[in-house]
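So the structure is just underneath, and the comments pick up after that.
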Amino acid sequence: MVQVKDLTDLTLEDLWREVKYGDEDWWEEFEETQLRIVKTVLESSLEEELLMELGAGRYKRTRSRRNYRNGHYERSFATKYGVIKALRIPRARESYQSQIVPRYQRRQQQVHEMIREMFLSGVSTRRVGEVLSTVGGENVSPQTVSRVLRSLDREVHLFQSRPLADIYQYVFLDGICLKVKCAVERQKRQVLCAYGIRQDGKREVISFRQATDESEAKWEAFLRDLYDRGLVGRKLKMIITDGCQGLHRALDTVYPYVNRQRCWAHKLRNVANKVRRQDQKECTKQASFIYQAENKREAVKKYREWESQWRPQYAEAVKCLEKDLDELLTFLDMPAEHRVKVRTTNVIERSFREVRRRTRPISCFTNTASVNRIIYGVISHLNKNWKGKPLPEFTQQC
């Protein structure tokens, strides 16, 4: 009889002998062996779990016994190592909840997370199934992918209702437009978004909500929600906005005493719209010298120079900038290190650039829930990446 070595006694030389030179099926055999080991360990763990649930071993009659065996059933179970076929799962007369393989679950949690990550990375529901069948050997239908993604709904709710700490020194507010498929036709929906920079320099997307428009009522409801959850604004130095009138009226109600900064990027686009195409580049370039000033006095001087040059030709463009000049220069009261970061709402646009990239193949969302899932998936990924990377400009003592 040939003596078989224990796995722990195998040397590299022993393992190398098992490699079949020129045999392309070696990796496939290796994966099958790995899957058999995983199946054996998993079935042993399920047996041990049942023993703890019963309170007695096989064929033992004790007073401490709490339940009795009831055979077993077989199930295919998808893991990150592949699909385990005919996995033997023990049963008891009185049902119990297994912590290893929960009832009705046919995939390891890591597989669900893989499906979610693939979808949020831009892979369509149909392609997700095709890729998984190649990698893990499981045929996953688009409907199954959609069911897995519905698990994000609870996470979206928790994210939008979690308590907020009043630790933000700057808050950026903006509305992003996305298309959603409704009963009759496609409609544009606004995603109201709040992005914050904390006192320790860390940044995060604080919250988002869908709305039909950017009216005062919609923005006030969004801001009230932030306030009621804890963002009272005692530490807020400034709120940066895109100039939406509905938003500003809502701010007068919820955060009336916080300084406001109008977004320079939005304002220069508005100015350019009132200038002939051949003059747009030069006009906005000279207007940019205003916000590059060292202080408010110099900024007003730069504005006067710009105004004297362009008012004769484009009085409406000059008036567009002039009426909001005070709020456009609020950022100059902030520490010099912070100014570049807080003079526009571009941080929200950049955050949603990944959302737009992900949604470009879709062209239109099927419903509002799918909008929330994708936005939350991208935002949570961004927040996770930013968690340990504070902005250096805001970590300095001012």
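The values are calculated or read from the model by the stated rules, or taken from the named source; none is laboratory data. Remember, it's a predicted structure, so these values are computed and weren't measured experimentally. Here the Cβ is made from the backbone with ideal geometry for all residues, glycine too, and neighbour counts use every protein chain on show. Remember, those area values only see protein heavy atoms, side chains included, never the ligands or the DNA or RNA. Shrake-Rupley method; radii C 1.70, N 1.55, O 1.52, S 1.80 Å.
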Cα gyration tensor, the range 287-398 - rounded (a/c under 1.5), prolate or oblate = oblate
With θ set to phi - 60°, apply the Karplus curve 6.51 cos²θ - 1.76 cosθ + 1.60 along the range 198-206 and write out the HN-Hα couplings as whole Hz, x wherever there is a Gly or Pro.
-> 7, 5, 8, x, 7, 10, 6, 7, 6
Within the range 212-308, DSSP-loop trypsin sites (Lys or Arg not before Pro) with at most 12 other C-beta atoms within 10 Å are ARG234, ARG276
Cut-off 9 Å between beta-carbons: net charge of the residues surrounding LEU321, Lys and Arg +1, Asp and Glu -1 | 0
Quick one: Debye curve from the C-alpha atoms of the range 196-312, no solvent, what's log10 I(q)/I(0) at q = 0.10, 0.14, 0.18 Å⁻¹?
-> -0.43, -0.78, -1.03
Under Karplus coefficients 6.51, -1.76 and 1.60, residue-wise ³J(HN,Hα) of the range 164-180 in Hz, glycine/proline x | 10, 7, 7, 10, 9, 9, 9, 10, 10, 10, 7, x, 10, 8, 9, 9, 10
Determine the order of HIS72, HIS248, HIS266 by accessible area, beginning with the largest, at a probe radius of 1.4 Å.
-> HIS72, HIS266, HIS248
If you keep only loop residues by DSSP, which GluC sites (Glu not before Pro) in the range 281-329 have at most 11 other Cβ atoms within 10 Å of their Cβ?
-> GLU294
Amide H contacts of GLU214 (H built 1.01 Å from N, under 5 Å, at least 5 apart or other chain) = none
Length added when fully stretched, SER288-LYS319, from 0.36 nm per residue minus Cα-Cα | 9.6 nm
In the range 217-290, which chymotrypsin sites (Phe, Trp or Tyr not before Pro) fall in coil by DSSP and have 11 or fewer other Cβ atoms within 10 Å?
-> TYR257
Vicinal HN-Hα couplings computed from phi for the range 260-267 (Karplus, 6.51 cos²θ - 1.76 cosθ + 1.60; Hz; Gly/Pro x) = 10, 10, 7, 6, 5, 5, 5, 5
Around GLU393: net Lys/Arg minus Asp/Glu count, Cβ-Cβ under 10 Å = +1
Tell me which residues come under 5 Å, amide H to amide H, from THR344 once H is placed; ignore anything under 5 positions away on its chain.
-> TRP264
